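The values are calculated or read from the model by the stated rules, or taken from the named source; none is laboratory data. On a predicted model such as this, the values are computed, not experimentally measured, just so you know. In this analysis, Cβ positions are derived from the backbone assuming ideal geometry, glycine residues included, and neighbour counts consider all displayed protein chains. Each accessible area value is taken on the protein alone, full model and side chains, heavy atoms only, with ligands, DNA and RNA left out. Shrake-Rupley method; radii C 1.70, N 1.55, O 1.52, S 1.80 Å.
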Amino acid sequence: MHRDEKKDTQRDELSEMISSLDLSHSEEKKVSDRREIRKDYKEKKVDLKNEYKERKTDTQDTHQSRRKHKEQKELLKNDYKEQKQELKYIKETSMTNVKGRIKNHMSGLLRGIVIGLLILFQIFIIIYLPAVLRQYTVYFYLVLEILSFFVAVGLTNASKNASFKVAWLSIALLLPISGHIMYYMWGRKKTRQRMHENARDRIAESYPYYYENEELSEKLIHTEPRVKKITKYISSTKSPLFSNTKMKYYSMGDYVFNDMFRDLFEAKKFIFVNFFIVAEGALWDMLHELLLAKVKEGVKVVFIYDDFGAILRTDKHFADNLNKEGIRTIVFNPIKKYTDKLIMNYRTHQKIVVIDGEIGYTGGFNIADEYANLVERFGVWKDCGIRLEGEGVWGLSMTFMQMWSMCCPDETMHYVKYKTEKKFPVNDSFCHILADGPVYSEENMIGSVYKQIIAGADDYVYIMTPYLILEEHMILTMIEAVKRGVDVRIITPAIPDKKIVKLLTNYNYGALLAGGIKIYEYSPGFIHSKVIMNECCGVVGTVNMDYRSFYLHYENGVWVCNDDVLKDIYDDFMDTFEQSREYKYDEWVDRPFVHKLIQPVLNLFATLT
């Protein structure tokens, strides 16, 4: 067989795999269908019973009436069984072409254990040091007084939020000597300043390639005056406004992958991929096969993943093997480099896929089988995503290249090379591409956008988040919205993926419920969606409602102002509320006594978890 014929055969096989791919029969729908069938059966059963009672009263022939009731009851029961059997068939056949799996690698586990032990050893030495030098108590007391003064002054004047300061002051009080050493090693800004300055300089190199369109901004403000303040604020953070972008919202991760793989198959020039978690499994197998095929066709592929996010579920030679195959692979912030610093906290939590600079994806999903419900970990895994096609994709491309340039400081970035020259159909879909992280600025831009969405609401604010660990100002912003008559609702998981974080999330319920915010827990399982919306705009992206996302991680999202997309997001909220259970304040007050003891202690150090 000639080389060209072989290549065509491989492409046909890949095309057949993509076209037959169907991840859309999500577990969420099955749970919803089962609930509806059961509810309908019970209602009809009650109606049938009431009808029988009336017939018994009206007719003299009770024997005939009883026989007729028995026949109707049997028909109803058989109909219920048939519907259940049909759902079972859908479940068994809907994903027969994709079998998920969870695979953990011993090499990654051992690497994580070694790094963890090194950090614990440092902490042990720091704590043990005062005991060894106890004989010099008088001198240490004097040094301690001086250190305490500088720690107090440093934290009071630090450009950090109050929770961060309280956490470090608590450590300094609980561990008078060791706590001071920990703060000077890990808590001060100077320990991170040089790395941040270098990364900030690299990001700044991209800013000349952003183009702010004042006419477009005025057009948006004329179309939707209520977003004037927020769009001007976002634009001031080097996140320009885009239009002429076709957008599609996905209510489940299952649906995202269907379209994403098909778009990847059509790539002609380049592919950018950036994920926090990459796990070997069915999804990775398909993505890997697609990327390899594209490389063979001459398409440039650049793949970034976070070292911490992939450490347990990829082989130790994962990146090396991909590079050998021609897939340019970059490991973000390898944790082995920072065992002496808490800089290893700074992860790329971004999720970005860009195809030829024309199509882009982002959302809460990662490359692991649970995100498409191919395996079950915490019940139904509900995630979200958004697809962009048009001018807005340039913002996603720039965000990806900023991370690329940070990872490769000696590499010259050719930004214009990856900007498409294609002209897209004119439309009134407006969006900002949000990008934030430790080196972007000190002001927590995405957190500020969330607050402005809440503060700018007139009718409602709806939020989906897997974690809810909030600073005081965010809580007060929500409570003030409720006092203005805004309907504020938050959906969190009923089944958590991290029990300690669930305890902290539950602890945050108290002030919110007391302030009139409604909280729902997603009954079918784990909600990993990260969405916030009011009646005129919203954000779909990677941002959790917690300190780690707002201050420690690199995050991204899409700010949307478009009626069609907002309606789809709104409909998803309505469907999810129906599947969720409202959590009441009385329930929070009556939570287990052990939780009441543990939660305040955990909350004290929430910013450091």
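With respect to (1) open to solvent by 20 Å² or more (accessible area, probe 1.4 Å); (2) under 30 Å from Cys561 (Cα atoms); (3) modelled with pLDDT of 95 or more, the lone exception for Arg328 is condition (2). Across segment 292-311, the number of residues qualifying as crowded, with 21+ Cβ neighbours inside 10 Å and within 27 Å of Lys419 (Cα to Cα) comes to 6.
Scanning segment 230-281 for residues that are at pLDDT 95 or above, hydroxyl-bearing (Ser, Thr, Tyr) and within 19 Å of the chain's Cα centre (by Cα) turns up Tyr249, Tyr250.
Tell me the residue from Asp428, Asp369, Asp356 that is in contact with a Lys or Arg (Cβ under 9 Å, 6 or more places away or on another chain), of a type outside the set (A, V, I, L, M), under 28 Å from Asp285 (Cβ atoms) and modelled with pLDDT under 95, please. Explain how you work it out, then say what you get.
Working: Asp428 fails: under 28 Å from Asp285 (Cβ atoms); Asp356 fails: modelled with pLDDT under 95.
The unique qualifying residue is Asp369.
Out of all the residues in segment 252-268, which are open to solvent by less than 10 Å² (accessible area, probe 1.4 Å) and part of a helix (DSSP H, G or I)? Passing the criteria: Gly253, Asp254, Val256, Phe257, Met260, Phe261, Leu264.
Restricting attention to segment 298-321, which residues are closer than 20 Å to Phe265 by Cβ and touching a residue at least 24 places away in the same chain (Cβ under 8 Å)? Break it down into steps so the answer makes sense when it comes.
Filtering segment 298-321 for residues closer than 20 Å to Phe265 by Cβ gives 298-303.
The answer is Val299, Lys300, Val301, Val302, Phe303.
For segment 382-395, a residue qualifies if it is open to solvent by 10 Å² or more (accessible area, probe 1.4 Å), farther than 17 Å from Gly538 by Cβ and not in a loop (DSSP other than H, G, I, E, B), and the qualifying residues are Glu389, Trp394. You will find that of Ile304, Ile330, Ile234, Ile271, the residue that is among the β-branched types (Val, Ile, Thr) and not in a strand (DSSP E or B) is Ile234 and no other. Scoring Tyr249 on the criteria (1) under 23 Å from Tyr570 (Cβ atoms); (2) in a helix (DSSP H, G or I); (3) of a type outside the set (A, V, I, L, M) leaves a single failure, condition (2).
Go through Ser448, Ser441 for me and flag whichever is open to solvent by 20 Å² or more (accessible area, probe 1.4 Å) and within 30 Å of Phe526 (Cα to Cα). Walk me through how you get there before you give the answer.
Working: Ser441 fails: within 30 Å of Phe526 (Cα to Cα).
Every option except Ser448 fails the conditions.
A count restricted to segment 465-483 and to residues that are touching a helix residue (DSSP H, G or I) at 6+ places or on another chain (Cβ under 7 Å) and within 22 Å of Cys384 (Cα to Cα) stands at 4. Selection within segment 590-609: residues that are within 30 Å of Met403 (Cβ to Cβ) and open to solvent by 40 Å² or more (accessible area, probe 1.4 Å). The member of this set that is farthest from the chain's Cα centre (by Cα) is Phe605. When you look at Gln402, is it in a helix (DSSP H, G or I), open to solvent by 40 Å² or more (accessible area, probe 1.4 Å) and in contact (Cβ under 8 Å) with a residue 40 or more places away in the chain, yes or no? Here the answer is no, as Gln402 does not meet what is asked.
Residue-by-condition table, conditions (1) buried (at least 17 other Cβ atoms within 10 Å of the Cβ); (2) modelled with pLDDT of 90 or more; (3) within 24 Å of Glu358 (Cβ to Cβ):
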site	(1), (2), (3)
His180	yes, no, no
Gly187	yes, no, no
Met195	yes, no, no
Asp201	no, no, no
Tyr211	no, no, yes
Lys228	no, yes, no
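In summary, Thr492 fulfils each of the numbered conditions (1) in contact with a helix residue (DSSP H, G or I) (Cβ under 8 Å, 6 or more places away or on another chain); (2) more than 24 Å from Glu391 (Cα to Cα); (3) at pLDDT below 95 with the single exception of condition (3).
A quick yes/no check of all residues on (1) at pLDDT below 95; (2) farther than 16 Å from Ala455 by Cβ; (3) among the basic types (Lys, Arg):
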{"site": "Ala514", "(1), (2), (3)": "no, yes, no"}
{"site": "Ile527", "(1), (2), (3)": "no, yes, no"}
{"site": "Lys530", "(1), (2), (3)": "no, yes, yes"}
{"site": "Val539", "(1), (2), (3)": "no, no, no"}
{"site": "Thr542", "(1), (2), (3)": "no, yes, no"}
{"site": "Met545", "(1), (2), (3)": "yes, no, no"}
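For segment 277-291, the set of residues classified as open to solvent by less than 10 Å² (accessible area, probe 1.4 Å) and not in a helix (DSSP H, G or I) consists of Val278, Ala279, Gly281, listed by residue number.
Yes/no matrix, rows are residues, columns are (1) open to solvent by less than 10 Å² (accessible area, probe 1.4 Å); (2) part of a helix (DSSP H, G or I); (3) in contact (Cβ under 8 Å) with a residue 60 or more places away in the chain; (4) within 22 Å of Leu602 (Cα to Cα):
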| position | (1), (2), (3), (4) |
| --- | --- |
| Met478 | yes, yes, no, no |
| Val488 | yes, no, no, no |
| Pro496 | no, no, yes, yes |
| Leu512 | yes, yes, no, yes |
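Select from segment 346-379 the residues that are open to solvent by 10 Å² or more (accessible area, probe 1.4 Å) and part of a strand (DSSP E or B) and list them in ascending order. Ile359, Gly379 - these are the residues of segment 346-379 that are open to solvent by 10 Å² or more (accessible area, probe 1.4 Å) and part of a strand (DSSP E or B).
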